[in-house]
Amino acid sequence: MIADTLARQLQLQRHYAPAGTFLGGIPVDEMAQTDTILFAGLHADHLPLDIAPEQVLPADTIGMLAPDIMQNYDIEFDFAAGKMNVFNPHPCAGKAVYWTHGNYAQVPIKLDSIGHITVPVTLDGKTLTAAVDTGAEGSVMSLDALEDIFGVDASNPALISIGDRRVNGLANTPTYRYPFSTLVLEGVQVGKPDIIVLKTPGYHHGLPDLVLGIETLRQLHLYIAYQEGDIYLTPAEQR
């Protein structure tokens, strides 16, 4: 995606092209045609980009890189070192982990209809489907999902209100925290994951049970092997 403001500044050719919605029902319905894009030495001509509505990106962010581009490579997020590495796909399945001689997890991935990575996780003993979203500031679950999966509704005293928040620039949404204990991905654990619970009716249905945002993912070292169909991961500091 490219930010709406930058698309206007560059005077890119735009056309109507419905592509889905962001959380909160924000539509993505325009596309821009670029001439040239350079990224870390990689080059692409005439690449069409969805236009991100103004309210869904931070003011200093010019766009989003998503699997339509990234799935052509292996992508590593080394959060402890503050680095993102882009590789040609590893030629040998199961051999991508190079940063440690210790144990690691190998988690199968699926891409949903718009290219988001989803993975199976275990949260406090329950098996869920989670979207991996490095563009999300925090991890998110809907109140509907919390009730459907864990039997916890708004009357539960363990569910603590943390006030209203604006979701993608829309009206304020009631938000909560629930004291989850452990998130597990094929043996790699994240203790006491900070998951924001949103009271957004209808959000849970047809979407992943959980969105794993950067506050959770930064505790991990991730290597996404798109063509192999796996994510390899360790704790962030493991070497």
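The values are calculated or read from the model by the stated rules, or taken from the named source; none is laboratory data. All values reported here derive from a predicted model rather than from experimental measurement. In this analysis, Cβ positions are derived from the backbone assuming ideal geometry, glycine residues included, and neighbour counts consider all displayed protein chains. These area figures cover heavy atoms from the full protein model, side chains too; ligands, DNA and RNA do not enter into them. Shrake-Rupley method; radii C 1.70, N 1.55, O 1.52, S 1.80 Å.
Looking at the range 1-42, the strands (runs of 3 or more DSSP E) lying wholly inside it that each contain 2 or more residues that are exposed (fewer than 12 other Cβ atoms within 10 Å of the Cβ) sit at 13-22, 36-39.
What number of residues within the range 2-22 are in contact with a Leu (Cβ under 8 Å, 6 or more places away or on another chain) and at pLDDT below 90? Matching residues across the range 2-22 total 0. Residues in the range 48-59 that are in a loop (DSSP other than H, G, I, E, B) and open to solvent by less than 40 Å² (accessible area, probe 1.4 Å): P53, L57.
Residue selection: L183 satisfies the criterion of being more than 24 Å from T21 (Cα to Cα), open to solvent by less than 70 Å² (accessible area, probe 1.4 Å), in contact (Cβ under 8 Å) with a residue 40 or more places away in the chain and not in a helix (DSSP H, G or I).
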